[in-house]
Amino acid sequence: MSIFNSLTCSIFVALVLIGEAFLLSRAQDPSRLSLSYYSKTCPTAQDIVRSEMDCAVKTNPRNAAFMIRLHFHDCFVQGCDGSVLLDDTATLIGEKHADQNVNSIQGFELVDKIKEKLEAACPGVVSCADVLAIAARDATILVGGPYWDVPVGRLDSKTASVDLANSDIPTPQQPLATLIAKFLEKGLSVTDMVALVGSHTVGMSRCVNFRERIYGGDFQLTSKNEPSSQANLAKLKDVCPADGGDDNVSGMDYYSPTVFDNAFFETLVQGSGVLSSDQEMYSSLLGFQTSRIVDKYWADAALFFKDFADGMVKMGNITNPQGGEVRKNCRFINI
C-alpha cells in the first residue's frame, strides 16, 4: 500500500472513530416511545397490522421489501415521522418524487389499507409512522427474518422535505465514506449500516441503478472474473440492456431473493454485488472494517439477524423533535 493510501486509511479510521464517539449525543430522544403505548388505547393495533401484512406478503412477497424500504426512507428524513407517505398538495410538496424515492418506493396502497383497518378499530390513535415501523418488522418475519419488539408512540409530521430526502437518503452510486457518514449522522454505527443494508437480501434494484457497474467494468474488477460471478453478470445483462429498460429489476440476492437470510453477503464476498454501494462495503480500499463485518454475517446468520434487529430498533428510535399529530389519512395532514 502506498504512503498516500495508508494516510487516507488512517484519516478515515479517525473520522469513523470520532463519528461513533458522538452517536449517543447526536441520536434524538426516543423517550416518548414504549412497548405498551397502545396497550389501553388500541390493544389490537399490532394484530391488525400483522394480519394485513400476512395477506399482503402471501399475495406478493415483494410487499415485504416495500415496507422495509418505506420505513428506512421515512426514518432518514426528519426522523421516523411518516413524512414519506405525504402526497403533494397546493401547500405541501411531499417526498415521493425525491431522487431516491421516485420509481423506487412502493407500497402506499398497502399502508392505506392497514390505516383504514386501524381507524375503524381505534379512530385517531395509531400513527402512520408507527404503522411503518410495525409493518417493517412483520414484513421481515413473514419472509424468514428475525423478530424484534417495536417501541411505538411516534407522531406523524405535518411537513415533508424533498431537499432532505435528496441529501440524506443514501444512493446506490455513493462511495463508502459518504455512506458511513450518512449513517453516523443519524446515530447509526458502521455495524448498524452493514446490518441494515443486509435487508437487500429481499430487495430489488432497477436497471438504471446498476447499469454502469455491469457495463463499466467495475463488476468484472471486483468479481475477478470467477465463473460463478460471470454467470451472475450474464443474468444481470439479460435483465438490464446497455440502453433502455431503466425500470427492469433484478434481485440483489441471486440465491434466495424472496427469503430474508444472509445469502446477500455471499454476493459481496464473491465480488458480485448488484449495487456499487453494496459492493464497496467489501471491496473498497476503505472497507477494512465493513468487509470484516460482511465476512462475519456470511459465516453466522444468527449474528446478522441479531444485529439487524438491533439496528432496526435504533433506526426506529430516530424521532422528529418537532413533534406532530396522528393522521387520519396517511397521505394528508389533518385539517
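The values are calculated or read from the model by the stated rules, or taken from the named source; none is laboratory data. From a predicted model like this one, the values you see are computed outputs, not experimental measurements. Here Cβ is always computed from backbone atoms with ideal geometry, including for glycine, and neighbour counts include all displayed protein chains. Just so you know, the surface numbers come from the protein's heavy atoms only, side chains and all, with ligands and any DNA or RNA stripped out. Shrake-Rupley method; radii C 1.70, N 1.55, O 1.52, S 1.80 Å.
Of note:
- The long axis of helix 176-185 is offset from the longest Cα principal axis of the chain by roughly 30 degrees.
- Lysines with Cα under 22 Å of Lys186, excluding same-chain neighbours fewer than 8 positions away: Lys96, Lys158, Lys306, Lys314
- Listed by chain and number, the aspartates and glutamates whose C-alpha is less than 20 Å from the C-alpha of Lys113, apart from same-chain residues fewer than 8 away, are Asp47, Glu52, Asp54, Asp74, Asp81, Asp87, Asp88, Asp130, Asp138, Asp156, Glu325.
- Only Lys, Arg, Asp and Glu carry charge here, each on its Cβ (+1 for the first two, -1 for the last two); on that basis the chain has a dipole of about 320 debye about its Cα centre.
- Which labelled figure in (1) 309; (2) 133; (3) 159 is volume of the Cα convex hull per residue in Å³, once derived from the coordinates: (2)
- Normalised per residue, the accessible area of the chain is 44 Å², obtained with a 1.4 Å probe and no contribution from ligands, DNA or RNA.
- Computed from Cα positions, the angle between helix 128-142 and the longest principal axis of the chain comes to roughly 50 degrees.
- For Gly94, the residues whose modelled amide H falls within less than 5 Å of its own, excluding neighbours fewer than 5 places apart on the same chain, are Asp88, Thr89.
- Counting only protein chain heavy atoms and rolling a 1.4 Å probe, the accessible areas of Cys42, Cys55 rank, largest first, as Cys55, Cys42.
- Close amide H pairs (under 5 Å, H built 1.01 Å from N) link Arg327 with Cys128, Asp156, residues at least 5 positions away or on another chain.
- Comparing Glu52, Glu119, Glu226 in a Gaussian network model of the chain, where Cα atoms under 10 Å apart are tied by springs, the biggest mean-square fluctuation is seen for Glu226.
- Residues of region 154-169 with amide N under 19 Å of a point placed 7 Å along Cα→Cβ from Glu119: 154-159
- Region 274-287 - phi-based ³J(HN,Hα) in whole Hz, Karplus 6.51/-1.76/1.60, Gly and Pro as x: 6, 9, 4, 5, 5, 5, 4, 5, 10, 9, 5, 4, 8, x
- Helix axis angle, 288-299 relative to the chain longest principal axis, alpha carbon, degrees: 80
- Carbon and sulfur %, accessible surface of the chain computed with the full protein complex present, 1.4 Å: 57
- Within straight-line cross-link reach of Lys40, lysines at Cα separation under 21 Å, skipping those fewer than 8 residues along the same chain: Lys115, Lys117, Lys328
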